[in-house]
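Down below is the structure, laid out as structure tokens.
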Amino acid sequence: MLITRYDIASPSITHALRAVLLTDLHNKPFEDIVEQVRSLHPDLILIAGDLVDRHRRTYRRVKPFLRSISTVAPCYFSFGNHEIKFPKLKAPDIEACGVTVLNNRYIRFGDLAIGGQTSMAPTGWLSSLEQADGFRVLLCHHPEYYKKQHLEDRDLDLILSGHAHGGQFRFWDRGVYAPGQGLFPKYTHGRYGNMIVSAGLANTLTPLIPRIGNPCEIVDLHFLPAEE
């Protein structure tokens, strides 16, 4: 499991915070993930969609995962396309596990204003997040929305995404395929302007088609004060 650190400094941040970004669990076994996150001692945990696996029509590990991960630090979740296309896991189920659902809305956590863009939902509500005080963070499962939904033009400080699974196969540090972007996608893993894309935690194609050159990933975010 790859743990990738990003330092994010801004005058809007007055006190250092450590957050972990998790995406694309897809109902896989989670015990090792929880222990690795616990070892990082985060102040909060951000989950950007696709806990369930709509292809296998299952989510039996998701509630145990949420109950476990929510004992580590406060957790915030936004819906991915798998939750929308296999809507067995609903917001009240998630919140009953101790996790806050950001369904096209935002909340405040210290200096952060954290919003969640639900997969395939309108983006008009983002104007309220743009007007929020503090450092504005958006959980948006789909990195392709950066262009297609013009998120790059929004007044947001940081966008956190997944969905692309690192491009499934990576050669010369480039992904081969991503849903919503097709072959040789642009946004698969890493930092692109004010967007960070996680390679995710699982393989959803089939166990017979492994990730190649593309380890699963936990993203370790350090929010730091900076002078004007």
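The values are calculated or read from the model by the stated rules, or taken from the named source; none is laboratory data. Predicted model, so just to flag it, every value in this text is computed and none were measured. All Cβ positions, glycine included, derive from the backbone under ideal geometry; neighbour counts span all protein chains shown. Note: areas computed on protein heavy atoms with side chains; ligands, DNA, RNA excluded. Shrake-Rupley method; radii C 1.70, N 1.55, O 1.52, S 1.80 Å.
Among the residues of the stretch 42-53, is any closer than 23 Å to Pro143 by Cα and among the charged types (D, E, K, R)?
Yes, there is a match, as at least one residue in the stretch 42-53 is closer than 23 Å to Pro143 by Cα and among the charged types (D, E, K, R).
Quick one: in the stretch 84-93, which of the residues that are touching a helix residue (DSSP H, G or I) at 6+ places or on another chain (Cβ under 9 Å) and open to solvent by less than 60 Å² (accessible area, probe 1.4 Å) is farthest from Leu160 (Cα to Cα)?
Asp93
Take the stretch 157-189 and flag every residue that is within 22 Å of Asp7 (Cβ to Cβ) and open to solvent by 10 Å² or more (accessible area, probe 1.4 Å).
Asp157, Asp173, Tyr187, His189
It is to be established whether one or more residues within the stretch 89-102 are within 28 Å of His15 (Cβ to Cβ), assigned to a strand (DSSP E or B) and touching a residue at least 60 places away in the same chain (Cβ under 8 Å).
Scanning the stretch 89-102, I find no residue that is within 28 Å of His15 (Cβ to Cβ), assigned to a strand (DSSP E or B) and touching a residue at least 60 places away in the same chain (Cβ under 8 Å), so the answer is no.
So which residues in the stretch 62-79 are hydroxyl-bearing (Ser, Thr, Tyr), out of contact with any helix residue (DSSP H, G or I) (no Cβ under 6 Å at 6 or more places or on another chain) and closer than 16 Å to Glu31 by Cα?
Ser70, Thr71
In the stretch 154-178, how many are within 19 Å of Leu51 (Cα to Cα), touching a residue at least 60 places away in the same chain (Cβ under 8 Å) and not polar (S, T, N, Q)?
Count: 4.
Could you please find all residues in the stretch 1-40 being more than 15 Å from Val219 (Cβ to Cβ) and in a loop (DSSP other than H, G, I, E, B)?
Those that are more than 15 Å from Val219 (Cβ to Cβ) and in a loop (DSSP other than H, G, I, E, B): Pro11, Ser12, Ile13, Thr14, His15, Ala16, His26, Asn27, Lys28, Pro29, Phe30.
Please go through (1) at pLDDT 95 or above; (2) under 17 Å from the mean Cα position of the chain (by Cα); (3) open to solvent by 20 Å² or more (accessible area, probe 1.4 Å) for Ala96 and return the number of the only condition it doesn't satisfy.
(2)
Given the residues Leu102, Leu40, which is the only one that is of a type outside the set (Lys, Arg) and either open to solvent by less than 10 Å² (accessible area, probe 1.4 Å) or within 15 Å of the chain's Cα centre (by Cα) (or both)?
Leu102
Would you please name the residue that is surrounded by the most Cβ atoms within 10 Å (Cβ to Cβ), looking only at residues in the stretch 43-81 that are of a type in the set (A, V, I, L, M) and assigned to a loop (DSSP other than H, G, I, E, B)?
Ranking the candidates gives Leu51 first.
Condition first: within 20 Å of Tyr76 (Cβ to Cβ), out of contact with any helix residue (DSSP H, G or I) (no Cβ under 7 Å at 6 or more places or on another chain) and part of a loop (DSSP other than H, G, I, E, B). Now tell me which residues in the stretch 164-201 satisfy that.
Scanning the stretch 164-201 gives Asn194, Ser198.
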